[in-house]
Each structure stands twice: as structure tokens, then as C-alpha cells.
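Here, each number is a calculation from the coordinates, and none is a lab measurement. In this text, all values refer to a predicted model and were calculated from it rather than measured experimentally. Here the Cβ is made from the backbone with ideal geometry for all residues, glycine too, and neighbour counts use every protein chain on show.
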Amino acid sequence: MGFQDVLKAAQDGDPDAQVAMGYLFFKGDGVVQDRREAARWFGLAADQNNAEAICNLGHMRAHGLGMRADLDKAMELYHRAADLGDARAMFNLGFMYSDVEGIPQDWEKAYYWYSRAADEGNIIALYRMAVMNEEGRGIPVDYPKAISFYTRCFDAEFPKAGYRLGLMYLEGRGVSKDPNKAAKYMIKAADLGSEDAMCELGKMHISGQGMTHSLSNAKKWLVKAANRGSEEAAVLLEKINSGELN
């Protein structure tokens, strides 16, 4: 559908078209960016209980985009969208309860909403549940559950999960220590783009743990990690180049 067709459908009250118009004005896609106009279109769809539009308004309220920032109002909107089945709103509620300054931190509520989002297929929510189980954030440490969740995430090619699994096998947390298995997880995670895994592979080549001791191979991984913004990798590269590490 062209712009005029979408506009006509939105003006005729089609909530999906109204959401589409909201995105166009929010992003400035083919129109002059206008967050207030985006909010108006999302609001029209929200009036028809469109969960996606309600969640978008929550995001705009939370970040002060096109309207005054109001975390309490954002929470109300996220709850409303979540009650309508919107997985993104469920994840956002989990994040608000776990990470957002200005909202009283509540790990139990965070875990509940991450769980709801994960049940709807949200991989990042499942990953956050894995971290909470591994580190005991608001819940007792449960390594088997953490490993299960990380594995599901990694099966979906979420690289951070592979890095965390690799660390658990490298350090022997919740599993028997197995540097070789750790290396396999790290290599796949690095291939999927994890700079943390790239850096760890460099360190493993330096130590010879799970990988052959090789400064040249270490540098290859550390350069990749540093190019992706890893400060630790950049420091290690300097130490190798200066002869401090050998």
C-alpha cells in the first residue's frame, strides 16, 4: 500500500493503518519526522485497544519522545498492553522493574514479566531470566535452570548466551570445569558477533587454557574484539605489543 492508501485507511479508522502512520511520523520515513503526530496516530489506535500502539505510547512516555516523560504513565500503558498480550510490553515491564532508575527495583516482578515475555518467544527476556538464575538476582541461584535457559537462547543464535555458557564451563560454575567445551561455545559465540567471546578467546590463547598458547592467535581475536569496542581487548593488545605478555 502507498502512503495515500495507508492514510485513507487510517482516517477511516483502521487501527493497523493508524499504527503504520504512527511509525512513519515517529521515524520520519517519507514524511517530516514529528513525534507528536506519531503519538496522535498511536493514540487513535490505542483508543481501539491496539496493544502495539499502547506499548509504543508507553515507550514514548518512558523516554519523553513527543510528549512529557512520565514513568508512572509509561508503566500504566505497558501494563495495559501486556494485559492485551503484547510481548514487547511484558519485556519492557520486566526491564522497568529491574533496571530503570525512578521505578522501585523489584526483582520478583521483573522475573515474572520476563517469564511472561519469554513464554511469548522473547529471547532477550529468556536470556535475562538465565542471568538472574545464574547470579541469584532476586531469586536463589539455580545453575541448571540458567544453563537450560542459556542453551535455549544459544540454540536461537543469541551470542551473549553462548559467551555465558562458555564462562560457566571455563570456570566450573554449575558444571564440571571443561575448558575445551568452553572454547567451543566461545568460538560459536564469537562467530555470531560476541565481542566478549572474542576477547575471552584471546585470553584463552594467552593462558593456553582450552586453546593452544599462541600470541599471534590471541592477537587475531583481540583485534576483532577491540574493533567492536572491547576496552579489555585493547588493553591486552597493548600489553602483547609492548612485550608485557608473552
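Figures for the structure shown
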{"quantity": "Environment charge at Gly229 (Cβ cut-off 12 Å; Lys +1, Arg +1, Asp -1, Glu -1)", "calculated": "-2"}
{"quantity": "Crossing angle, helix 215-227 versus the chain [Cα axis fit, 0-90 degrees, rounded to tens]", "calculated": "20"}
{"quantity": "Between helix 195-207 and the chain: long-axis angle, C-alpha atoms, 0 to 90°, nearest 10", "calculated": "10"}
{"quantity": "Nearest-0.05 FRET efficiency for Asp83 and Lys184, computed from C-beta distance (R0 45 Å)", "calculated": "0.60"}
{"quantity": "Cα long-axis angle, helix 35-46 against the chain (0 to 90 degrees, to the nearest 10)", "calculated": "70"}
{"quantity": "Structure-based [θ]222 nm, the chain - -39500 (n - 2.57) summed over DSSP H runs of at least 4, per residue, nearest 500", "calculated": "-22500 deg cm²/dmol"}
{"quantity": "Segment 47-104: GluC sites (Glu not before Pro) in DSSP loop, at most 15 other beta carbons within 10 Å", "calculated": "Glu101"}
{"quantity": "Above-threshold pairs, the threshold being 27 Å between Cα atoms, out of Lys160/Lys224; Lys109/Lys160; Lys73/Lys145; Lys109/Lys181; Lys27/Lys220; Lys27/Lys188", "calculated": "Lys73/Lys145; Lys109/Lys181; Lys27/Lys220; Lys27/Lys188"}
{"quantity": "Chain lengthening between Leu192 and Val223 when straightened (0.36 nm per residue, less Cα-Cα)", "calculated": "9.6 nm"}
{"quantity": "Arg173-Asp47 FRET efficiency (beta carbon distance; Förster radius 35 Å; 0.05 resolution)", "calculated": "0.10"}
{"quantity": "Computed E for Lys239/Gln11 - FRET, C-beta separation, R0 45 angstrom, nearest 0.05", "calculated": "0.10"}
{"quantity": "Descending principal axes extents, segment 85-141, alpha-carbon based, whole Å", "calculated": "27, 26, 13"}
{"quantity": "Centre separation in Å (Cα based) which lies between segment 180-235 and segment 1-61", "calculated": "44"}
